[in-house]
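Reviewing the structure listed below.
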Amino acid sequence: SEHIVITDSSSISVISAIPHYAVSRKELDTGLLISSLCAKAGLTQSMSETKRLIEQGGIYVNERQVKTIDEKLSIDDFSGGSELRIRKGKKKYLIIELKG
């Protein structure tokens, strides 16, 4: 199978190695906190780490910085597609897949 490789000045990473986590439209409709999603999906070790990272400006949805721990993921974040990317710091990614 083919792999797409992302390169930057310090690392090479294969897209298939990025963890994926599925969410449903129902979860989005009821209000899914980005902070709890990061912890639940394993991008961060805990809610307290997630809170600290958000306060320091270290969590991004696509390339938009998450400003508060109360921010929720919405269907608009998927931009009409079925996946979006959450980034922790400069190099750690999580792909969120929209199911159903």
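Every read-out reported here was derived from the displayed coordinates using simple, explicitly stated rules and does not represent laboratory data. This is a predicted model, so every value here is computed, not measured. Note that each Cβ is placed from the backbone with ideal geometry, even for glycine, and that neighbours are counted across all protein chains shown.
The table for this structure:
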quantity	calculated
Positions within region 30-41 being touching a residue at least 40 places away in the same chain (Cβ under 8 Å) and either exposed (fewer than 15 other Cβ atoms within 10 Å of the Cβ) or part of a helix (DSSP H, G or I) (or both), in sequence order	31, 34, 37, 38
Looking only at region 78-100, and only at residues there that are free of Cβ contacts under 8 Å to residues at least 40 places away in the same chain, touching a helix residue (DSSP H, G or I) at 6+ places or on another chain (Cβ under 9 Å) and buried (at least 17 other Cβ atoms within 10 Å of the Cβ), the one that is farthest from residue 18 (Cα to Cα)	78
Subset of region 39-71 (residues that are at negative phi and either among the hydroxyl-bearing types (Ser, Thr, Tyr) or touching a Lys or Arg at 6+ places or on another chain (Cβ under 7 Å) (or both))	43, 44, 46, 48, 50, 53, 58, 59, 60, 68, 69
Among the residues listed as 26, 67, 51, the single one being in a loop (DSSP other than H, G, I, E, B) and among the basic types (Lys, Arg)	67
Residue check, residue 59 in contact with an Asp or Glu (Cβ under 6 Å, 6 or more places away or on another chain) and surrounded by 14 or more Cβ atoms within 10 Å (Cβ to Cβ)	no
Number of the condition not met by residue 54 [criteria: (1) in contact (Cβ under 8 Å) with a residue 24 or more places away in the chain; (2) buried (at least 17 other Cβ atoms within 10 Å of the Cβ); (3) not small (Gly, Ala, Ser)]	(1)
Complete set of residues in region 76-93 that are out of contact with any strand residue (DSSP E or B) (no Cβ under 7 Å at 6 or more places or on another chain), of a type in the set (D, E, K, R) and within 19 Å of residue 46 (Cα to Cα)	90, 91, 92
